[in-house]
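What follows is one structure encoded as structure tokens, with my remarks underneath.
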Amino acid sequence: MTSCHIAEEPIKKVAIFGGTHGNELTGVFLVKHWLKNGAEIQRTGLEVKPFITNPRAVKKCTRYIDCDLNRIFDLENLGKKMSEDLPYEVRRAQEINHLFGPKNSEDSYDIIFDLHNTTSNMGCTLVLEDSRNNFLIQMFHYIKTSLAPLPCYVYLIEHPSLKYATTRSIAKYPVGIEVGPQPQGVLRADILDQMRKMIKHALDFIHHFNEGKEFPSCAIEVYKIMEKVDYPRNENGEIAAIIHPNLQDQDWKPLHPGDPVFLTLDGKTIPLGGDCTVHPVFVNEAAYYEKKEAFAKTTKLTLHADSIRCSLH
Amino acid sequence: MCSLPVPREPLRRVAVAGGKHGNEMSGVYLVRHWLLAPAELQRPSFSAVPVLANPAATTACRRYVDRDLNRTFTSTFLNSRPTPDDPYEVTRARELNQLLGPKASGQAFDFVLDLHTSTANMGTCFIAESSHDVFALHLCRHLQLQYPELSCQVFLYQRSGEESYSLDSVAKNGLALELGPQPQGVLRADIFSRMRALVATVLDFIDLFNQGTAFPTFEMEAYRPVGIMDFPRTEAGNLAGTVHPQLQDQDFQPLQPGDPIFQMFSGEDLLYEGESTVYPLFINEAAYYEKGVAFVQTEKLTFSVPAMPALTPAPSPAS
């Protein structure tokens, strides 16, 4: 009905990052495969570059060497004077910023897809950093519709203090792709297939967009981060309670005040406090024990996107 | 191969070891809990000692620091002269051998229970040395009868001619519990509770034995390794594919010649080309990628386990 739409520039440069965490194997092996045989990810008129972001961590099959690469793409770290004393990942971040950025400049890549796995039961997840990004909301709507009936969830990490400086944030349109559950250091065929499909639909969307297709206004359900919840700990800082069996594997499902959240080692149940229903994500993610996050609380909301069409048509 | 002698005296010196691999969290947290609250490990006829087998790897939440501790309990490592450059786990294995052994000596602990988890869908699995491990097999049988809902399987790991290399071989008798699936670095409440309950029942069994219970002969079904299958790899040694979706999570299910086992990144299926049915275990275990093992091929066997007569009446139990 509306004749008003957003005219967007065509997409020219796309990158697909794997191995930002060296033990999240699906992205590692998809990127390695595409580096040898990239036919699957080519689209006419589009440059799609697969890239291993943390090769030393990949070689050791560990999340990181010195520090988490996916938390340090802020301007302060990117601007530090290069030296051998800098942590490996900070030096690497500067190299990546040089190749695919610079962040916040006209020369940076248009879209970066960053491939991740989680030990949490999150299924197929797209991570959005900006709630007003029409183009990405449209892309996510397309991917979700194409994957259906396989569920695909959108996690919105826009938050004044909880948003973090991701590797992909150097692009104009950063897209996080997270598929789980998969243990660290394991490559599951079913998870590989799901991630592969997500990328395929994403690239198809970009191709249709570049070819002039108009995408009418749409709405998607997203889960917006509210706060992170740590494990109960003892005086030594050790975990004193674990994710309750009723919450384990129940990512995205509504959690009401009074529902069990933790089970102490003595067998006591700790319920959810507060007075609102939340939707937990990253429930029992292995890598978040050290970040003091047992799960994140999200709130469900709907985001709208105006219709978009490539400005060259 | 000689039978492990069935104990003729009550078992008094019993240890429960967790954290042999520092990222297998259930055992780590159980041992940490018992170190603060040991009452759970006490029985009328003995008290079990909790042991954190690999403290440095546990602190780092890694399988090991220098080498796999669970492959280091061979006489080569245990008896060689210590040097300052020894890998952490070799030094640690010698310490554990002093604490719980020495291996193959009269002073060794009577029983060590070793707690493990796997990323593979191993369910509830008991790992004993061989079909001659009479005491351990009666224990497995007892656990199976106590937990019929769990479908507990028995894996006999020792290959003929090979010296046993794991922690429970240091003591006179031992058993490992292997539960899965659980990711490395993750503590699941369901796996934790199950492991805790199984440990309690193991200690109950030892107490029953100590108190003079007899255990009749029975037929046991178990799995024994006949080979391993590595992932398909490129010339450079990198993965060229992964476990096929039809094989993933199918531990202990029969694998027939012609069944798909791997899916290549380029899309084709690789089929099992063996000549007979095997039973794959440890399918897609994270720690085995570096060992070149996508799954362990086993054969299923059934055999009789001889009765274990009651101990002759013992003096009053140690307090």
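The values are calculated or read from the model by the stated rules, or taken from the named source; none is laboratory data. This one's a predicted model, so the numbers in the text were calculated from it and none came from an experiment. Note that we place each Cβ from the backbone using ideal geometry, even for glycine, and neighbour counts take in every protein chain shown.
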field: Residue list for segment A:62-74, filter: among the hydrophobic types (A, V, I, L, M, F, W, C) and either at pLDDT below 95 or under 20 Å from the mean Cα position of the chain (by Cα) (or both)
entry: A:Cys67, A:Leu69, A:Ile72, A:Phe73
- prompt: Which one is farthest from the other protein chains (Cβ to nearest Cβ), of the residues in segment B:51-106 that are among the polar types (S, T, N, Q) and in a loop (DSSP other than H, G, I, E, B)?
  reply: B:Ser105
message: Quick check on this structure: which one of B:Leu30, B:Leu52, B:Leu96 is touching a strand residue (DSSP E or B) at 6+ places or on another chain (Cβ under 6 Å) and crowded, with 16+ Cβ neighbours inside 10 Å?
response: B:Leu30
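Just for strands (runs of 3 or more DSSP E) wholly inside segment B:228-299: which have at least 3 residues that are at negative phi and out of contact with any helix residue (DSSP H, G or I) (no Cβ under 9 Å at 6 or more places or on another chain)?
Numbers: elements: B:241-243, B:260-264, B:269-271, B:279-281.
Qualifying strands (runs of 3 or more DSSP E): B:260-264, B:269-271, B:279-281.
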- request: Answer yes or no: is there a residue in segment A:37-49 that is under 18 Å from the mean Cα position of the chain (by Cα) and either within 11 Å of another protein chain (Cβ to nearest Cβ) or of a type in the set (Phe, Trp, Tyr) (or both).
  value: no
- request: Looking only at segment B:236-248, decide whether some residue is within 22 Å of B:Cys125 (Cβ to Cβ) and away from chain A (no Cβ under 14 Å).
  value: no
- request: Being aliphatic (A, V, I, L, M), surrounded by 23 or more Cβ atoms within 10 Å (Cβ to Cβ) and over 22 Å from B:Glu24 (Cα atoms) narrows it down to one of B:Leu156, B:Leu137, so name that one.
  value: B:Leu137
- prompt: Is there any pair linking a residue in segment B:6-35 that is at positive phi to one that is polar (S, T, N, Q), with Cβ under 6 Å and at least six apart or on different chains, and which?
  reply: B:Gly19/B:Asn54; B:Gly19/B:Thr58
message: Need a quick list: helices (runs of 4 or more DSSP H) entirely within segment A:1-111 having at least 1 residues that are without any contact (Cβ under 8 Å) to a residue 60 or more places away in the chain and within 24 Å of B:Gly267 (Cα to Cα).
response: A:25-36, A:55-60
query: Any residue in segment B:296-314 that is within 13 Å of another protein chain (Cβ to nearest Cβ), surrounded by fewer than 17 Cβ atoms within 10 Å (Cβ to Cβ) and aliphatic (A, V, I, L, M)?
result: no
field: Lone qualifier among A:Ile206, A:Ile177, A:Ile199 - being touching a residue at least 40 places away in the same chain (Cβ under 8 Å), touching a strand residue (DSSP E or B) at 6+ places or on another chain (Cβ under 6 Å) and more than 13 Å from chain B (Cβ to nearest Cβ)
entry: A:Ile177
field: All strands (runs of 3 or more DSSP E) inside segment A:260-313 with 2 or more residues being of a type in the set (S, T, N, Q)
entry: A:295-305
